[in-house]
Amino acid sequence: MTTTAPHTGLGKAPGPTAPRRPRRGPAALVRAMPLTPAVVLLLLFLAGPIAYCVSIAFTDLQLTGQAEDSFVGFDNFTRAFGDEAFLNAVWLTLVFTVLSSLIGQNTLGLALAALMQRASKPVRTLTGGIVVTAWVLPEVVAGFLLYAFFRREGTLNAILDWLHLPSQNWLFTLPILAVSFANVWRGTAFSMLVYSAALNEIPREITEAAEVDGAGGRRRMWHITLPMIRRSIATNLMLNTLQTLSVFGLIWVMTRGGPGGRSQTLPLFMYEQAFQNSLIGYGTAVALLLLLVGSLFSLVYLRLLRTEV
C-alpha cells in the first residue's frame, strides 16, 4: 500500500505579494503645506463674507434707525418675489445678459477672431490693439465714454444729424439697449482672444482638405470650426455670463438704472435697497439670489463641458 506524504507546502512557489499601500502620514501633510496659505485666504476673504451674507440675509438689518436686528426667516426672499421692481430687475438682467454676453460679445468675438485669421499682420495688430484697448479701460472710464456717445448731444446723434437721419435721446428711449451695446464694446476683446487661441489650435490640414473637397467658408465654419472649438465656446460663455451678471459701474455711470428703472439690473437694485434705502438684510437677500442665478448658469455650462469629455 502506498502512502502519500503529507503536503508541507515547502516546494510551492510563493505567490505574488500584495502591493503595500502608501502611508498617508506626515509626508501627505508636508505635501499639503504649500496649499495652506491659499486655503486660508479663500476661507477668510471668500467663504467668510459669503457665510456672513447668508446670515444677515435672514435678518431685518438696517444701516440706520435700528437698535438691533432680528431674525425674520424667509421674509426677505418672499418680499423680493412679491416686489415688482425686483421682478423687473430680474427680467432686465436676463435681457442685458443675453444681448450683451450670449449674443453680442460671443458672436462678435468669434467673428473678429475668424476674420483676423486671414488678415494681414498690420491689420491684425491694429484691430487687436483697438479692441483690447476698450477692454483694459476701467469700467467707470468706459461708462463715461459711452455716455458721451449716446447722450442727446453726443457723438451718435451728431453722426445721425450729419447723415440727415432722425436722432433721439438713446439713454432715455432705449436705455437697456444702450448699456448692452456699451458692454459689448467693452468686453468683446476677451471673447476675441479666447477664440483666436482656439482657432490657432485647429490643424491647417483639416481646413485645407475641406477646401479641396469644395466646402465653402460657411460649411467649414459650421461643420469643422465650431465643432472643434465647442469646449472653448462653452468656457467663454460661462466666463462672459458670470462677468455680465455682476456689471455695476458701467450701467451706473451711464443711466443709474433709469429712467424709471428701465435699465436697473439686479446689481443696481441690490445697491439701491442696501445702501440708498438702508435695507441691508433685504439687499443681501437679493445678492444671494443673484449668486444663485450665477450658480445655475455655471452648472449648465459645466454640464455641457462634462458631456464633451
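Some values worked out for this structure:
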| read-out | value |
| --- | --- |
| Using alpha-carbon coordinates, inclination of helix 280-307 to the longest axis of the chain, degrees | 50 |
| Protein-only accessible surface order, largest first, of 86, 81 at 1.4 Å | 81, 86 |
| Angle between the chain longest axis and helix 121-136 axis [Cα atoms, degrees, rounded to 10] | 80 |
| Computed label-point distance, nm, for sites residue 174 and residue 50 using a 7 Å Cα→Cβ extension | 3.9 |
| Linear extension gain, residue 160 paired with residue 206, 0.36 nm per residue minus alpha-carbon span | 12.0 nm |
| Spacing of the two label points (7 Å from each Cα toward its C-beta) at residue 35 and residue 117, in nm | 3.8 |
| GNM flexibility winner over the chain from 186, 220, 230 (Cα, springs under 10 Å) | 220 |
| Set of the range 248-288 residues, backbone N closer than 13 Å to the point 7 Å along the Cα-Cβ line of residue 88 | 257-266, 269 |
| Net charge, residue 202 excluded, C-beta distance under 14 Å - Lys, Arg +1, Asp, Glu -1 | +1 |
| Degrees between helix 175-200 axis and first principal axis of the chain (Cα, 0 to 90, nearest 10) | 40 |
| Per-selection Kirkwood Rh - the chain (Cα, Å, 1 d.p.) | 24.2 |
| From phi via Karplus (6.51, -1.76, 1.60), per-residue ³J(HN,Hα) for the range 31-36 in Hz, x at Gly/Pro | 5, 7, 4, x, 7, 4 |
| Residue 59 long-range amide H proximity, modeled H, under 5 Å | 72 |
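The values are calculated or read from the model by the stated rules, or taken from the named source; none is laboratory data. This one's a predicted model, so the numbers in the text were calculated from it and none came from an experiment. Reconstructed Cβ throughout: ideal geometry from the backbone, glycine too, with neighbour counts over all protein chains shown. With ligands, DNA and RNA removed, areas are computed over all heavy atoms of the protein, side chains included. Shrake-Rupley method; radii C 1.70, N 1.55, O 1.52, S 1.80 Å.
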